[in-house]
Amino acid sequence: MGLLIEGKWHDQWYDTDATGGRFERSAAQFRNWVEADADADFPAQSKRYHLYVSYACPWAHRTLIFRKLKGLEKHIDVSVVHPLMLENGWEFAPQQGYGDQLHQHAYLHQLYCQANPEYSGRVTVPVLWDSQQHTVVSNESADIIRMFNSEFDAITGNTLDFYPESKRTEIDDINAFVYEHINNGVYKCGFATEQSVYEEEYDRLFSALDELEQKLAQQRFLVGDQLTEADWRLFTTLVRFDAVYYSHFKTNRKRIIDYPNLWDYVRALYQVPGIAETTVMADIKQHYYGSHPMINANQLVPKGPDLDFSQPHNRGQIL
Ligand SMILES: N[C@@H](CCC(=O)N[C@@H](CS)C(=O)NCC(=O)O)C(=O)O
């Protein structure tokens, strides 16, 4: 785990001293857009863009889900980093099947320096790379899934829309709530270094989960009856919750399996064709338990729990 400062790698953990024991996630710095328009700076084209992910990372997982649902697998190739993220940050390990398919880099930070030799900041996944201009288009998953949702439709012929015009305000509102209290909420519990901060974040997380449990008793999805981007953004946290966050991040008031509606909902999403194969539980567990020695000193990976996301659900036909 580290930080690039003016293109030089520094092995360093998140600095929570400066924030009173509170974890703060820094903003992504590459925020360009691939557009359907052939005259755009980054026009949508088959085989031009390459996606760098970790199977472990919930933000990268969203992009893999959209690549799958939007039929982009033939058009956007993927490189997957090794699940362990330690003193060199994210690394490739080609002998173990985690190679950089495009540049054969050893470390992900080399990719950031290739885009900008003076780059200063965190080296995160996902990254959408433009192989024509040799630069990073975007390292913000929220933007990448929007590009995948609409900008390649003329190439794929896939017009599924998870961010429909008429629902955008509602989706943006629920996304903000889910990001603050749940997606990032579990990290704020796990990386807190003050007891009171941890307890405050824990209370916020579970009152948000309680609220969504109620909502999902009344409606099939977060925005009514229609499956949207908001559901996929929640899914990647819920699917990791019982196996990782509950114990590793100490978010242990309840498991998702203890919430009848959330548990039904996460199984329904998991069973959408193609989604199970984007959910690589072995990498997820190895990453979290193995990459944060400050909260799990011996880096042992718990063997359980037994989780069966393939049990039948009651949310009907989804896609
Ligand atoms: N804003 C980013 C956040 C991505 C992110 O924080 N990824 C984590 C992995 S789960 C990462 O790569 N962290 C490395 C680091 O912070 O050094 C996004 O949503 O794309």
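The values are calculated or read from the model by the stated rules, or taken from the named source; none is laboratory data. No experiment lies behind these values; they were computed from the predicted model shown. Glycine also receives a Cβ, built like all others from the backbone with ideal geometry; neighbour counts cover every protein chain displayed.
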Check: Of the residues that sit in region 10-37 and are within 11 Å of the ligand (Cβ to nearest atom) and among the hydrophobic types (A, V, I, L, M, F, W, C), which one is surrounded by the fewest Cβ atoms within 10 Å (Cβ to Cβ)?
Finding: 27
Next item on the list: For residue 43, state whether it is more than 12 Å from the ligand (Cβ to nearest atom), over 14 Å from residue 123 (Cα atoms) and at pLDDT 95 or above.
Entry: yes
Check: If we keep just the residues of region 113-136 that are of a type in the set (A, V, I, L, M, F, W, C) and within 12 Å of the ligand (Cβ to nearest atom), which is farthest from residue 10 (Cα to Cα)?
Finding: 128
Check: Restricting region 264-286 to residues that are touching a helix residue (DSSP H, G or I) at 6+ places or on another chain (Cβ under 8 Å), of a type in the set (A, V, I, L, M) and in a loop (DSSP other than H, G, I, E, B), which is nearest to residue 81 (Cα to Cα)?
Finding: 275
Margin query: So for region 75-91 (the condition being surrounded by 14 or more Cβ atoms within 10 Å (Cβ to Cβ), among the small types (Gly, Ala, Ser), in contact with a Ser or Thr (Cβ under 6 Å, 6 or more places away or on another chain) and closer than 20 Å to residue 140 by Cα), does at least one residue qualify?
Written below: no
Check: How many residues are part of a strand (DSSP E or B) and either more than 21 Å from residue 106 (Cα to Cα) or within 15 Å of the ligand (Cβ to nearest atom) (or both) if we restrict to region 46-77?
Finding: 3
Check: Is one or more of the residues making up region 101-111 part of a helix (DSSP H, G or I), away from the ligand (no atom under 15 Å from the Cβ) and touching a residue at least 40 places away in the same chain (Cβ under 8 Å)?
Finding: no
